[in-house]
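Notes follow the structure.
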């Protein structure tokens with residue numbers, strides 16, 4: 001399977017990357033963990049790459065462990081020291 005562009009991914013999912021970018025800036029996060037449900041995991045690196053292009057001073061990590069919904073938060077190793085977790089899903093992101 002060829003890697004899809006962000007534009008192609010956004011035709012399938014509403015990524016709300018502008019809102020993600022604003023949240024990261026608001027929180028002044030420098031190390032961000034991205035978590036995806038299984039259906040979105042094939043697009044995780046493309047999404048992380050897009051965010052890295054938008055936010056040059058932020059380091060992104062992708063959680064490839066389980067994600068069975070909003071209540072399935074990752075058990076983050078203490079040495080990873082992330083400032084923020086962004087959890088992508090199949091539903092609209094609420095404030």
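A few remarks follow.
- Within this structure, residue 75 fails the test of being exposed (fewer than 14 other Cβ atoms within 10 Å of the Cβ) and at pLDDT 85 or above.
- When residue 24 is tested against the conditions (1) assigned to a helix (DSSP H, G or I); (2) within 12 Å of the chain's Cα centre (by Cα); (3) within 17 Å of residue 89 (Cα to Cα), the lone failure is (3).
- One residue stands out in segment 1-16 among those that are touching a helix residue (DSSP H, G or I) at 6+ places or on another chain (Cβ under 8 Å) and within 14 Å of residue 36 (Cα to Cα): the one that is surrounded by the fewest Cβ atoms within 10 Å (Cβ to Cβ), namely 13.
- Filtering segment 1-21 to residues that are assigned to a helix (DSSP H, G or I), free of Cβ contacts under 8 Å to residues at least 60 places away in the same chain and within 17 Å of residue 60 (Cβ to Cβ) leaves 6, 9, 17, 18, 21.
- Of all residues in segment 34-69, those satisfying the criterion of being outside any helix (DSSP H, G or I), modelled with pLDDT of 90 or more and buried (at least 16 other Cβ atoms within 10 Å of the Cβ) are 34, 35, 55, 58, 60, 61.
- Matching residues, segment 5-21, being at pLDDT 90 or above and over 15 Å from residue 88 (Cα atoms): 5, 7, 8
The values are calculated or read from the model by the stated rules, or taken from the named source; none is laboratory data. As the structure is a prediction and not an experimental result, all values here were calculated from the model. Heads up, the Cβs are rebuilt from the backbone with ideal geometry, glycines too, and the neighbour counts pull from every protein chain shown.
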